[in-house]
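Each value in this text was obtained by applying a stated rule to the coordinates, not by laboratory testing. This one's a predicted model, so the numbers in the text were calculated from it and none came from an experiment. Counting neighbours? That spans all protein chains shown, and the Cβs are built from the backbone with ideal geometry, glycine included.
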Amino acid sequence: MNSSVPALMIRELSIFFEGRPLLSDFSLELRAGEKVALAGRSGAGKTTLLRALMGFCVPAAGSLSVAGLAVDAANVAAVRQCINWLPQQAEPGADTVREALCLPLEFKRNQALAARFTDVKLHEVLQAVGLAALDLAADARRLSGGEQQRLALARALLLDRPVWLVDEPTSSLDAETKTAVMDCILASPERTVLAISHDAEFLARFNRVVRVGEDGQHG
C-alpha cells in the first residue's frame, strides 16, 4: 500500500436506516498502519460504517475509499481484495476446520495464494489464535461462537491483507484468549485496523478511539 495515500478515507458520510439517520456528515481518515477503534452506544451506525466500507450498503451521501480506491460498483471487487473483514457473528462457511480455513481458495482471484495454505501453516495460525488443540478434520459447524470467531481470525492471518475491519473481536473470549486475539490483530505495524469494541482493555491499545455519539457524529 502506498504510504502517501490514506488507507481509509471517509468524507461527509450519511447513512440512513428505515428513514432515520445512522450517520450524518461523518468523516474519518486512517493512515497506513494506523490502528483506530470506534466506540459508542449500540445502534449508532458503527457496524453499518464497516459494512459500507466493504460495499455491502450504499450511503445516502458522502464518499469512501480504501487504499486510494473509491468504494463503488466499479471498484468493489478490488476494494475487498485489500480488506480482511471480521464480523461479530462469524460463520465457518464449510464442514471441516481445514475447509473453513481454505475457503478463500474457492475464489479464482485467491488461488495464487495457495502456497500459504499448507497444513503446517494452518496449524501455525490456529495456534496463534488459541486453537492449537483443534484438529483440521474437526466439524467446524460444531464450534462455539468464540471458536468460530477465532477461526475467522486465523483465516484472516492466512490472507494477510493490509486493511482489517473488525467488529467486537473479544466479545465472547476468556481473558487469556482475548490477549492472544488482540496481539494477532494489532501486532503488524504495517496493518491498518479499524475496529469496533466496547472492551476498555482492547481500546487502550489503539492509536485513537473515535466515539460515535448520540447524533451519529464522532468526537
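Using equal-weight Cα scatterers in the Debye expression, the normalised intensity of the stretch 97-159 in log10 at q = 0.26 Å⁻¹ is -1.14. For the chain, modelled as a GNM whose springs connect Cα atoms under 10 angstrom apart, the maximal fluctuation among Ala156, Ala77, Ala187 occurs at Ala187. Across Arg141, Arg20, Arg51, mean-square fluctuation computed from a Gaussian network of the chain (C-alpha pairs under 10 Å connected) peaks at Arg20. A straight chain from Glu106 to Phe17 at 0.36 nm per residue would run longer than the Cα-Cα distance by 28.7 nm. The calculated pair-distance distribution of the stretch 1-109 uses every alpha carbon pair, bins of 10 angstrom beginning at 0, and gives 13, 40, 33, 14, 1 percent.
Relative to the dominant Cα principal axis of the chain, helix 145-159 is inclined by about 90°. Over the residues of the chain, the helix contribution to mean residue ellipticity at 222 nm works out to -7500 deg cm²/dmol, using -39500 (n - 2.57) for each DSSP H run of at least 4.
Of the residues Lys35, Lys108, Lys121, the one with the fewest other Cβ atoms within 10 Å heads the list, and the complete ranking is Lys108, Lys121, Lys35.
Listing Ser65, Ser14 from the residue with the fewest other Cβ atoms within 10 Å to the one with the most, what is the order? Don't jump to the answer; show the numbers that get you there.
Numbers: Ser65 20, Ser14 16.
Least crowded to most crowded, the residues run Ser14, Ser65.
Bridge orientation summary for the chain: considering DSSP beta bridges with both residues in this region, about 45 percent are antiparallel. Which entries of Lys46/Lys178; Lys46/Lys121; Lys46/Lys108 have Cα-Cα distances beyond 24 Å here? Result: Lys46/Lys121; Lys46/Lys108 exceed 24 Å.
Tell me, what are the semi-axes, in whole angstrom and largest first, of the equivalent ellipsoid of the chain as set by the roots of 5 times the Cα gyration tensor eigenvalues? Spell out each step's value before the answer.
Values: eigenvalues 166, 77, 53 Å².
Here the semi-axes work out to 29, 20, 16 Å.
Arranged from fewest to most other beta-carbon atoms within 10 Å of their beta carbon, Asp199, Asp167, Asp25 become Asp25, Asp199, Asp167. Roughly what angle does helix 119-128 make with the longest principal axis of the chain, taking Cα atoms, 0 to 90 degrees, to the nearest 10? Relative to the chain, helix 119-128 is tipped by roughly 60 degrees.
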